[in-house]
1. Going out from 0 in 10 Å bins, what whole percent of all Cα-Cα distances in the protein assembly as shown drops into each bin?
2. Quick check: pseudo-label points 7 Å beyond the Cα along Cα→Cβ at B:R447 and B:L364, how many nm apart are they?
3. Within a 10 angstrom radius of the beta carbon, how do B:H88, B:H107 rank from fewest other beta carbons to most?
4. Given a cut-off of under 8 Å on Cα pairs at least six residues apart, what relative contact order in percent is computed for chain A?
5. Among B:V355, B:A399, B:G299, flag the residue with its Cα farthest along the positive direction of the charge dipole of the protein assembly as shown, charges on Cβ as +1 for Lys/Arg and -1 for Asp/Glu.
6. Roughly how tilted is helix A:113-129, in degrees to the nearest 10 and between 0 and 90, from the longest Cα axis of chain A?
7. What list of ³J(HN,Hα) values in whole Hz, one per residue of segment B:260-275 in order, does the Karplus curve 6.51 cos²θ - 1.76 cosθ + 1.60 (θ = phi - 60°) give from phi, with Gly and Pro shown as x?
8. Let me make sure I get this right: for segment B:187-260, a, b and c are the square roots of the gyration tensor eigenvalues over alpha carbons, sorted descending. Under 1.5 in a/c it's rounded, otherwise prolate if a/b > b/c, else oblate. Which is it?
Amino acid sequence: MLPPVVVLAALTALIPPARTWLGLSLAVVAVAGLAYLLAMPAWRYRVHRWETTDDAVYAMSGWFWQRARIAPVARIQTVDTTSGPIQRMFGLAGLVVTTASAAGPVRIQGLDRRVAAELAESLAAQAQAVPGDGQ
Amino acid sequence: MTGPEWQRLDPRMLAISLTWLVPPVCSTLLTLLITGGSLDLAAVITLGSIGLTFLIVAVVFGARLLTTRFRITGDRVELRSGAFVRRHRAVPRERIRSVDVTASPFHRALGLRVVRISAGTHVAAESRHLTLDGVSRDGAERLRRLLAPDGASADTALAVLRLRWLRYAPLTLWGVAGVGFVAGGFARLLDSLRINPAEVGFLRSAWSGLTGLPLWAAITVPVLAVVLLGALTSLVTFAETWWDYRLEAAGGDALRLRRGLFSTRSLWLERRRLRGVQITEPLPLRLARGARLNAIAVGLGAADDRSTSAKSALLPPASRRETDRVAAAVLREEPGFLTGLRLAPAPRAALRRRVTWGLAAVALVEAPLVILGVLLTEVLLHIAWISSVVLVPVALAAAVDAYRNLGSALLGRYLVTRCGTYGRRTVLLDRSGILAWSVDQSAFQRRAGLATLVAMVGAGRGGYKIRDVSLADGLALVREATPGAFEWLLEPTQLLESTQLLEPIPDDRSGPAGDVSSLPGGPAL
């Protein structure tokens with residue numbers, strides 16, 4: 001969200017002849033960005049949830065577009081944890097559970113790092129215990 | 001290293017690398033022909049750089065050829081290649097999903113074949129496909145027999161080429177697009193060679209002939225010419241692609257497809273890799289009661305899910321009856337399996353969504369016209385209302401058609417889903433091949449109590465959508481299609497309560513959206 005606002009603000013300050021139009025687009029972008037910043041994280045946090053059982057992994061994500069994904073443990077192919085620099089700063093990690101489908105994995109994001117690691121380990125063990133690998 | 005000897009590709013392939021020099025030679029000759037023998041500096045530079053590029057390509061191709069070795073050991077196929085960067089790739093033989101033998105016209109002239117070995121998604125991406133480009137014809141057949149064990153029993157043809165399918169060929173539109181493509185390429189070539197089209201003899205005479213005609217003829221003649229040329233291109237493409245087409249059951253558990261005039265292709269498809277079929281009816285074909293049939297199979301690749309993909313096509317564009325028959329035979333069902341297929345319709349809210357999309361699309365087109373019309377000139381306003389008189393009915397018709405095409409059902413072992421208006425797709429998915437489910441909802445869909453379900457499979461596109469079903473019906477369909485695996489998580493009450501998939505959850509549980517107490521017993525079959 002920040003880069004376009006900064007760029008537009010710089011342009012508005014530097015190019016006097018186009019100031020009206022640039023300022024107008026700056027206002028539009030800034031207002032939309034602010035609304036997004038205020039609404040999205042809370043909305044997303046309210047939607048996101050996950051659950052694992054002996055048989056299946058379940059994750060729900062999104063905000064305007066929401067997506068609930070369910071994969072049976074018997075179909076799990078790989079279990080990975082991911083965490084980017086910002087996630088690491090907050091001690092968070094994500095879990096990516098793939099099946100043989102190319103339509104995308106089941107993702108659980110923003111877990112406590114320890115929880116994610118434990119979950120990955122137990123899911124991997126479960127997937128190995130159950131026969132069948134998704135094919 | 002122990003094991004069998006490393007083998008080289010056929011040395012005749014060096015002749016093939018020379019064919020890279022054909023395009024520059026041809027373009028030079030063509031330029032000389034058009035300009036009558038005189039070349040200016042720009043043309044020399046353009047032609048020279050084209051020639052140099054192709055020469056480099058030919059040399060690299062030849063070097064790779066000479067350095068490529070392959071061998072087949074007891075349990076895997078290995079390929080080593082590369083002059084500067086050595087690559088070593090290996091595919092375990094038990095992972096081999098298909099062995100295709102193809103040949104370009106040049107390959108055929110030299111008695112050579114290309115053997116393409118494909119493995120499933122379990123294998124690392126870079127060795128998913130091994131291509132042995134340049135094996136002798138007998139060698140290719142030997143490799144195919146060795147690697148994809150042939151069913152010994154007699155083959156039975158499921159379909160062979162019928163001449164009456166030719167009439168569907170011009171309805172595929174690619175011909176017309178092809179004419180535009182060739183014309184565009186020609187114009188660019190002339191432009192980059194600094195040749196004025198008006199100075200080219202036959203173009204000038206065509207132009208003066210056209211301008212001599214009355215206006216209506218000057219418009220219809222080129223249109224007719226393009227359409228005719230397009231139809232002709234389609235026919236030629238059809239002949240090249242589908243010549244000698246034959247789909248047969250090889251043994252009990254595999255299918256073999258063979259086709260092609262100049263470059264023959266053969267596809268070997270084990271039935272256990274088959275996850276379903278897709279029947280596509282683009283509008284022109286649908287109006288002529290025709291359809292395309294494609295396989296959804298593991299190892300064919302995601303791009304081959306497209307109905308225009310020749311690789312996964314099981315049948316040329318053919319009549320809907322023929323498509324249904326072959327689809328049933330491929331899936332090993334009764335011949336009348338797909339006749340009278342009845343799908344459960346989508347709720348009315350889906351129609352409202354489609355009408356909204358259609359009108360929004362029209363509004364998006366009209367908005368700039370109206371804004372500019374108010375600001376600048378009234379002419380644009382007239383254009384806006386006249387075009388909307390045409391566009392609004394078209395959008396509404398498309399919306400209604402899209403709504404009527406929506407549907408889903410369970411049919412024996414298969415989950416059936418249909419959607420689309422310009423290209424109507426009917427997908428039959430083997431229920432046992434469904435790996436996971438996704439329930440997608442936008443905020444608008446949640447308000448209307450709708451959801452888009454995605455059945456995820458390990459083949460084709462990866463996920464196949466059931467668009468805009470009512471949430472309760474959709475979950476019932478999921479439970480019925482894949483019993484057991486998703487049972488408890490998809491108990492509607494549990495899903496709703498634990499995830500607030502529907503919001504707001506109606507307190508009395510009798511609202512139309514959250515009506516779980518009176519769940520229907522699944523959609524009509």
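1. It works out to 3, 11, 17, 21, 21, 18, 7, 2, 0, in whole percents.
2. Each label point is offset 7 Å from its Cα along the Cβ direction, giving 1.9 nm.
3. Ascending Cβ contact count within 10 Å gives the list B:H88, B:H107.
4. Relative contact order comes out at 17 percent.
5. The one lying farthest along the dipole's positive direction is B:G299.
6. Helix A:113-129 and the main axis of chain A meet at about 40 degrees.
7. x, 9, 7, 10, 7, 10, 9, 10, 10, 10, 7, 5, 6, 8, 6, 10
8. It comes out prolate by the Cα gyration axes.
Readers should treat all values here as calculations from the given coordinates under stated rules, not as data from a laboratory. Remember, predicted model here, so these are calculated numbers, not experimental data. Here Cβ is always computed from backbone atoms with ideal geometry, including for glycine, and neighbour counts include all displayed protein chains.
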